[in-house]
Amino acid sequence: MDGIEERGSATLWVVAFMGVLMAMAMGVAYVGMARVAVHRVRSAADLSALAAARVVVRGADQACNEAESAASANHAVLERCQVDGLIAEVRVSVRYSLPGLAERRVTSRARAGPVRRPSRPLSAGHRPL
């Protein structure tokens, strides 16, 4: 009669196992979505800094406008732009949401400019290579 009492217990074990498997799959998906957002914000920051450094000789305002344009083209928001000589430094953020959780924001910063400072100052008409 012991076999009669355990009847249907396999169904419960299968349902419990499927629940654990589903929770693990959702966890992996959430981590993947967060990693994609981090990669997106890093790319947007790098591209924004490069865009700013490309036109930094035209002035800080022009450089920051280019950085903002590059950030928005990558679905990001330019939070900060600072130009120091020929070096542009930016901070960019991206918002993302996970199903069932509050919206989150990730930020990244990047710098771009020449590897070394030029030996003579650049004139306004001179464009770096």
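The values are calculated or read from the model by the stated rules, or taken from the named source; none is laboratory data. For clarity, every value in this text was computed on a predicted model and none was experimentally measured. Reconstructed Cβ throughout: ideal geometry from the backbone, glycine too, with neighbour counts over all protein chains shown.
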Fill in: Restricting region 81-129 to residues that are at pLDDT below 70 and surrounded by 12 or more Cβ atoms within 10 Å (Cβ to Cβ), the residue that is farthest from Val38 (Cα to Cα)
Leu122
Response to the item:
The residue from Ala45, Ala71, Ala53 that alone is touching a residue at least 60 places away in the same chain (Cβ under 8 Å), part of a helix (DSSP H, G or I), out of contact with any Lys or Arg (no Cβ under 8 Å at 6 or more places or on another chain) and crowded, with 18+ Cβ neighbours inside 10 Å is Ala53
Fill in: Set Glu89, Glu79: member being out of contact with any Phe, Trp or Tyr (no Cβ under 9 Å at 6 or more places or on another chain) and farther than 22 Å from Val115 by Cβ
Glu79
Practice prompt. Give me a count of the residues in region 41-99 that are of a type in the set (Lys, Arg), closer than 30 Å to Val28 by Cα and out of contact with any helix residue (DSSP H, G or I) (no Cβ under 8 Å at 6 or more places or on another chain).
Written response: 2
Worksheet item: Within region 17-40, which residues are without any contact (Cβ under 8 Å) to a residue 24 or more places away in the chain, of a type in the set (Gly, Ala, Ser) and surrounded by 12 or more Cβ atoms within 10 Å (Cβ to Cβ)?
Response: Ala29
Practice prompt. Search region 53-76 for residues being of a type in the set (S, T, N, Q) and more than 27 Å from Arg116 (Cβ to Cβ), and hand back the single one that is farthest from the chain's Cα centre (by Cα).
Written response: Ser69
Worksheet item: Any idea which residue in region 8-25 is nearest to the chain's Cα centre (by Cα), counting only those that are at negative phi and either hydroxyl-bearing (Ser, Thr, Tyr) or not in a helix (DSSP H, G or I) (or both)?
Response: Thr11
Discussion item. Regarding region 36-52, can at least one residue be identified that is farther than 26 Å from Val115 by Cβ and out of contact with any strand residue (DSSP E or B) (no Cβ under 6 Å at 6 or more places or on another chain)?
Written reply: yes
Practice prompt. Report the residue count in region 56-65 for those that are surrounded by fewer than 23 Cβ atoms within 10 Å (Cβ to Cβ) and either among the charged types (D, E, K, R) or touching a Leu at 6+ places or on another chain (Cβ under 7 Å) (or both).
Written response: 3
